[in-house]
Amino acid sequence: MADYQYPTFMPPAFDILAFDLCTKYFPASTKLNINDYDMSARYRDQTRNLLSRGKKIDLQGLQMHLFNPEQCARIAAGVSDEQAPWAVRKNLVTVDAGLPQVMSELTITSAGEGLRGEAIQSVIAHNLYRLWFSRPQMQGITWWNSVDECGAPGEPSISGVCRRDLSPKLVYHTLKHLVNEAWRTSLTSTAGEGGALSFRGFKGTYAIEWEDAEGKHKRSFDLN
């Protein structure tokens, strides 16, 4: 954009300098995240260039912003393929530099005031979250401006997962269902021969309880 000031106030090779300073002053255990809105091969090449120079980058941060309520309304009406799942997947592949990825900034605004606008926001979020969750590289998603009317000037006022009074919107319940129910493994079963039990589950920490001839037992384990 014409009003960007990067060439006038950023030093040459500022990205290299930034990671050098982080490596110098932060503990080695610190996770360093590169982050950009550019979903083109330029971002992939920039990340690869930094890695080839030995810079410590643990995560590749990605952004997706649907700031305009009209954008979401057009998507719901089927007259726009902006941020359609196939397009989002293509972008994720294009920028892939071989690092774990995170959605470091995400905006999906309601398509107008009222329940219909909130319902559209909820459906779009549901579809995109499932796409991101399906990628082994994806490590996390950060929702930008989680409460309505709390964004920076110029950002949408109805893009939160909660309304201004902190009451949950439809998208809040949708995401809660995905995280706490759809993507959580819960089962009750009887062990087979030798006490063996096989199951297919999501990654994470499991709490298990079982009962045998010696009584009841509890244990936890990690599935990574």
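The values are calculated or read from the model by the stated rules, or taken from the named source; none is laboratory data. Bear in mind the structure is a predicted one, so any value in this text is a computation, not a measurement. Quick reminder, even Gly has a Cβ in these numbers, built from the backbone with ideal geometry, and neighbours come from all protein chains shown.
Each residue in the stretch 100-144 was checked for being of a type in the set (A, V, I, L, M), without any contact (Cβ under 8 Å) to a residue 60 or more places away in the chain and not in a helix (DSSP H, G or I), and 5 pass.
As a summary of the residue check, LEU166 satisfies the conditions (1) at positive phi; (2) touching a Gly at 6+ places or on another chain (Cβ under 6 Å); (3) of a type outside the set (D, E, K, R) except for the one numbered (2).
Annotation note: Cβ proximity below 8 Å between a residue of the stretch 12-30 that is touching a residue at least 24 places away in the same chain (Cβ under 8 Å) and a residue that is exposed (fewer than 14 other Cβ atoms within 10 Å of the Cβ) (sequence gap 6+ or interchain) occurs for ILE16/ARG53; CYS22/THR30.
Output the residues belonging to the stretch 87-103 that are of a type in the set (S, T, N, Q) and at pLDDT 95 or above. Of everything in the stretch 87-103, those that are of a type in the set (S, T, N, Q) and at pLDDT 95 or above turn out to be THR94, GLN101. Filtered by the rule that a residue be without any contact (Cβ under 8 Å) to a residue 24 or more places away in the chain and either among the hydrophobic types (A, V, I, L, M, F, W, C) or surrounded by 13 or more Cβ atoms within 10 Å (Cβ to Cβ) (or both), the stretch 156-175 gives SER157, GLY160, VAL161, CYS162, ARG163, LEU166, PRO168, TYR172.
Scanning the stretch 50-99 for residues that are free of Cβ contacts under 8 Å to residues at least 12 places away in the same chain and aliphatic (A, V, I, L, M), which turns out nearest to LEU17 (Cα to Cα)? So, considering only residues that are free of Cβ contacts under 8 Å to residues at least 12 places away in the same chain and aliphatic (A, V, I, L, M), the one nearest to LEU17 (Cα to Cα) is VAL93.
If you go through the stretch 19-41 and keep only what is over 21 Å from the mean Cα position of the chain (by Cα) and either under 17 Å from GLN63 (Cβ atoms) or basic (Lys, Arg) (or both), you end up with just LYS24.
Restricting attention to the stretch 197-209 and to residues that are surrounded by 10 or more Cβ atoms within 10 Å (Cβ to Cβ) and at pLDDT 90 or above, the residue that is nearest to TRP183 (Cα to Cα) turns out to be TYR206. Just the residues that are part of a loop (DSSP other than H, G, I, E, B), loosely packed, with under 13 Cβ neighbours inside 10 Å and touching a Ser or Thr at 6+ places or on another chain (Cβ under 8 Å), please, taken from the stretch 30-61. Within the stretch 30-61, just SER40 meets the criteria.
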